[in-house]
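Data block below; observations after.
The values are calculated or read from the model by the stated rules, or taken from the named source; none is laboratory data. The shown structure was predicted, so the numbers you read here are calculated from the model rather than taken from an experiment. In this analysis, Cβ positions are derived from the backbone assuming ideal geometry, glycine residues included, and neighbour counts consider all displayed protein chains.
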Amino acid sequence: MEGDGEGVNKQESNVEELEEKLCQLIVSDEAPVEDEPQDAAPDAAVQEPEASSPPAHQELPTQRYSRKVFVGGLPPDIDEEGIISSFQRFGSLVADWPYKAQCRSYFPPKGYAFLLFENEKSVEELVKACVKDDERLQFWVSSPSISHKSVQIRPWKLSDNDYVLDRTVPVDPRKTVFVGGLPRTLSASEVAQIMSRLYGTVCYAGIDTDPELRYPKGTASVAFSDRNSYIEAIKTRFVTLRQDGRKCTSDKRVEIKPYIWDDQNCDNCLTSGYGTKPAHFFCSNISCLRYYCLDCWLVMHARPDIKFHSPDYIRRMSTRWS
Ligand SMILES: [Zn+2]
Ligand SMILES: [Zn+2]
C-alpha cells in the first residue's frame with residue numbers, strides 16, 4: 001500500500017513538473033512566435049486577449065451613454081481649467097487626455113481630450129445642447145486667443161457595444177476571434193460589417209469596454225458563422241483598415257487572434273471518447289487551434305513536426321457568460 005501511495009505521489013509530481021515545463025514554453029506577450037518584422041508590431045492600443053469569456057454587456061435600462069466623451073478640434077491654448085469651465089454647466093467632470101501626467105502639458109497636445117462626467121445624465125444634456133451636422137455633433141468653446149470655436153463632441157452609445165445577427169444561435173467559442181487595435185469610434189455592427197466583408201458572415205461582435213466608464217478599449221470579440229472564416233481571419237493576423245475620414249482618421253492596423261475562453265473542455269478527450277476534461281491549454285498554431293488538457297497536449301504534440309507549438313495557458317476562473 002505504501003508503495004502505491006508513493007507511486008501516486010510520484011505521478012502527481014510528474015504531472016506538476018510537466019505542467020511547469022509547458023508553462024515555461026509559453027511565449028511571453030512581448031515576443032510573438034511568428035517572425036513579424038519589427039515595424040509590423042501593432043500599435044500601443046493593441047491589447048493581448050485575456051483568457052476570458054466575452055463580457056456580457058448588461059446595460060442598465062436608463063443608461064444610454066458612456067460617461068466618457070471625446071472632444072476634438074479644441075483651440076491650441078485651452079487648458080484643463082478652460083475645458084472644465086466650458087462643460088461644467090452639464091455637471092461635474094474631469095478633463096483627461098493621453099499621457100496627461102507624463103507630458104505635463106497645460107494643453108491637450110493633439111487638440112483632443114476626454115470629458116469624464118460624474119453622471120451619465122450630463123452626457124445626455126451635452127448631446128441635447130449640441131448642433132447636429134450630418135453625423136457630427138458640434139459644440140462651441142472659447143480659449144484666451146479664440147472665442148466661440150466649433151469643436152466635435154463624440155459620445156459613446158452603449159447600444160453600439162453589441163451586434164447579434166440571430167439571438168437564437170449561440171456563439172461558438174471555436175469560431176470566435178479577438179480583434180485588437182480597433183479605432184474606438186467603431187460600433188459593434190460596423191466591426192461586424194468589416195469582418196463579414198473580409199472573411200464571411202459574422203454572427204456576433206462585442207466591443208470590449210472598461211467596466212467603470214464603459215468606454216471602448218479598442219478591442220472586440222467577433223464570432224463567425226463558419227469555422228473556415230475563423231481560420232481565414234486568424235491566418236491573416238493583421239489587417240489594415242483604410243481611413244474613411246469620419247470613422248478612421250488614419251489607416252489603422254488591427255490584429256486578429258483566436259479568442260481564448262477559460263471554460264472549455266479538451267477537444268481531444270471528447271472526440272476520443274474519454275469523456276470531458278477541462279482544458280488548461282490552447283494551441284493557437286493555425287494547424288491546431290484547439291483546446292487540450294495536459295495529457296492530450298503531450299500526446300497530440302509528440303510528433304516532431306509540431307513539437308514546437310507553444311501553448312497558451314488557461315487560468316480557469318470565470319463561469320460561462322450567458
Ligand atoms: Zn484531453
Ligand atoms: Zn498545436
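Which pairs have Cβ atoms under 6 Å, sit 6 or more apart or on different chains, and link a residue in region 206-219 that is assigned by TED's automatic domain parsing to the domain that holds Leu241 to one that is among the hydrophobic types (A, V, I, L, M, F, W, C) and in a loop (DSSP other than H, G, I, E, B)? As it stands, the answer is Gly218/Ala45; Gly218/Leu182, since those pairs meet every condition given. Taking region 204-238 as the range and being surrounded by fewer than 23 Cβ atoms within 10 Å (Cβ to Cβ) and over 29 Å from Val71 (Cβ atoms) as the test, the residues that pass are Ser225, Asp226, Arg227, Asn228, Ser229, Ile231, Glu232, Ile234, Lys235, Thr236, Arg237, Phe238. Looking only at residues of region 249-303 that are part of a loop (DSSP other than H, G, I, E, B) and of a type in the set (Ser, Thr, Tyr), we find that the one that is surrounded by the most Cβ atoms within 10 Å (Cβ to Cβ) is Tyr259.
Determine whether Ser159 is out of contact with any Asp or Glu (no Cβ under 9 Å at 6 or more places or on another chain) and polar (S, T, N, Q).
It is false that Ser159 is out of contact with any Asp or Glu (no Cβ under 9 Å at 6 or more places or on another chain) and polar (S, T, N, Q).
Residue check: Ser272 meets all listed conditions (1) at pLDDT 90 or above; (2) more than 9 Å from ligand 2 (Cβ to nearest atom) but one, namely (1). Scanning region 62-89 for residues that are free of Cβ contacts under 8 Å to residues at least 60 places away in the same chain and not assigned by TED's automatic domain parsing to the domain that holds Phe114 returns a single hit, Thr62.
Out of Ala205, Ala279, report the one residue that is among the aliphatic types (A, V, I, L, M) and within 30 Å of Arg154 (Cα to Cα).
The conditions single out Ala205.
Under the condition of being among the acidic types (Asp, Glu), surrounded by 15 or more Cβ atoms within 10 Å (Cβ to Cβ) and in contact (Cβ under 8 Å) with a residue 60 or more places away in the chain, the residues counted in region 125-170 number 1. Just one of the numbered conditions (1) in a strand (DSSP E or B); (2) without any contact (Cβ under 8 Å) to a residue 24 or more places away in the chain is not true of Gln193: (1).
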